[in-house]
Structures are given as C-alpha cells and as structure tokens.
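Take a look at the structure set out below.
The values are calculated or read from the model by the stated rules, or taken from the named source; none is laboratory data. Computed from a predicted structure; not experimentally measured. Using ideal geometry, Cβ is built from the backbone for each residue, glycine included, and neighbour counts are taken over all protein chains shown. Quick note on the areas: whole protein, heavy atoms, side chains included, nothing else; ligands and nucleic acids left out. Shrake-Rupley method; radii C 1.70, N 1.55, O 1.52, S 1.80 Å.
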Amino acid sequence: MRQKRSKNYRKQMAIYSRNFQFRQPFQVLVDGDIVYDATKYKMNLPKALEGVVQGTIKPMITQCCIKSLYDRGSDAKEAIEIAKTFERRRCNHLETPLSQAECLSAVVNIKGKNKHRYVVATQDPRVRGQFRGVSATPIIYINRSVIIMEPMSPATIAASKRLEEEKLSAGLNNPRSRT
C-alpha cells in the first residue's frame, strides 16, 4: 500500500475510533461481489482489509450475500469457500432473500445511523452512494486489484464536527472545570 494512502487511512480510522467509538476488532461487513472480485484478483481479502483499516478485523457476511454467490454458479466456488469462513451476520431474510443492496442497507442503516459500527466493503456503486448518507460508515471497495477506503462522507464529517463542538461546549458549561 502506498505510504500516502496508508497515512490517510490511519487518520480516518483514528477519527472513527475517537468520535464514533469504533474499536478493534473492526466489524467489516462484506458483500458477495467484493469476495468474488478478491478471488478473481487472487487477493487474500481478510489480510487486505486488515491492511486498509490498520487493525484486526472480524469479517462478516449476510445470508443474502452468500445466496447471491451461490446464484453465480460454479465459477464462484472459490469465493463461496472463502465466504463460508467469515462470520455470518443474521439478517432475518431467510424466507425471501433480498438483493445484496437491500440486505446491507437493512443491516447497517438503522434510523440513519450505523448503530453496530460496521465497516462496509462493497463493490456496488449504488450501495456505496447510499451509505455516504449514513454518518460514521467507512466504505471500502476494490479498484483494479487495489483495495480502497473512500474518504469520509459529508454526513460523517458533519457528525464528527458536531460531536467535537458538543465536547468543547460541555467543558465550558461545567462549573467545576473553571479554576
């Protein structure tokens, strides 16, 4: 990984840890497309994700995303085997599996917040665009055999500034803190 990119990722994850209480092992919620593309590029996905978030991870996948890998047929056998090693995130869509986009948004986007502090790894540009509106959601994707973390979204930057201002104003309003 390039040094400049690595430094930016380290700064981003420090902001997520400090302001939004992300902690190691980071819960990385992957979709079937990124697992498939990682096998296509002969990439060790868990190790690459650890390099991006610069810490230990817990890779997770939903039942609907595994179903989409099975739907790809025999060319996704290697991706299915890798996906089976990841922790399953229960999505409660067993009777009627949803598309990967709908499933991920149902799991992560709870009332406009990333309540469970997931790092989302997806290849679908529509899903990435959807999660840019959810504050405190790091987004990872693969671009030509290089794993990339998107810059913080405007929603995340706004939420981070708001939290910093609340911390500062809380210190000013506390009468014991004055000397």
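Taking C-beta distances below 4.7 angstrom as the pairing criterion, name the unpartnered cysteines of the chain, in sequence order.
Cys65, Cys91
If we sort 86-96, 129-139 on the protection proxy, mean other Cβ atoms within 10 Å, highest first, what's the order?
129-139, 86-96
With all protein chains present and a 1.4 Å probe, how do Tyr16, Tyr41, Tyr36 order by accessible area, largest first?
Greatest to least solvent exposure: Tyr41, Tyr36, Tyr16.
What accessible area per residue comes out for segment 3-52, rounded to a whole number of Å², with a 1.4 Å probe?
Using a 1.4 Å probe on heavy atoms only, each residue of segment 3-52 averages 53 Å².
At a probe size of 1.4 Å, how large is the accessible area of Val30, to the nearest 10 Å²?
Solvent-accessible area, nearest 10 Å²: 0 Å².
Using a simple charge model, +1 on the beta-carbon of Lys and Arg, -1 on the beta-carbon of Asp and Glu, nothing else, what dipole does segment 55-116 show about its Cα centre, in debye to the nearest 20?
In debye, rounded to 20, segment 55-116 gives about 400.
Going 7 Å from the Cα of His116 along its beta-carbon direction, which residues of segment 65-84 have the amide nitrogen within less than 18 Å of the resulting point?
65-68, 83-84
Give me the angle, in degrees from 0 to 90, between the Cα long axis of helix 154-173 and the longest principal axis of the Cα atoms of the chain, rounded to the nearest 10.
Between helix and principal axis, roughly 30 degrees.
Can you compute the modelled spin-label distance between Asn44 and Glu78, with each label point 7 Å from Cα toward Cβ, in nm?
Modelled inter-label distance: 1.5 nm.
Could you pull out every residue, at least 5 positions away or on a different chain, whose amide H is within less than 5 Å of the one on Phe26? Hs are placed 1.01 Å off N in the peptide plane, and Pro or chain starts have none.
Under 5 Å from the amide H of Phe26: Thr56, Ile57, Lys58.
If you take semi-axes √(5λ) of the Cα gyration tensor in Å from the coordinates, which of (i) 33, 19, 13; (ii) 23, 20, 15; (iii) 32, 25, 15 do you get?
Only one option fits the structure, namely (i).
From the phi angles alone, apply the Karplus equation (6.51, -1.76, 1.60; θ = phi - 60°) to segment 75-90 and give each ³J(HN,Hα) in whole Hz, x where the residue is Gly or Pro.
With the stated coefficients, segment 75-90 comes to 6, 9, 4, 5, 5, 5, 4, 5, 5, 5, 7, 7, 5, 7, 9, 5 Hz.
DSSP beta bridges in segment 1-140, what fraction antiparallel, as a percent rounded to 5?
10 percent
Hey, rough spin-label estimate for Ala106 and Leu94, points 7 angstrom out along Cα→Cβ, what's it come to in nanometres?
So the two model labels end up 1.4 nm from each other.
Going down the list Lys11/Lys161; Lys58/Lys115; Lys4/Lys42; Lys11/Lys58; Lys67/Lys115, which pairs span over 18 Å between their C-alpha atoms?
Long pairs (Cα-Cα over 18 Å): Lys4/Lys42; Lys11/Lys58; Lys67/Lys115.
Rounded to the nearest 10 Å², what accessible area does Asp124 have for a 1.4 Å probe in the complete protein model?
30 Å²
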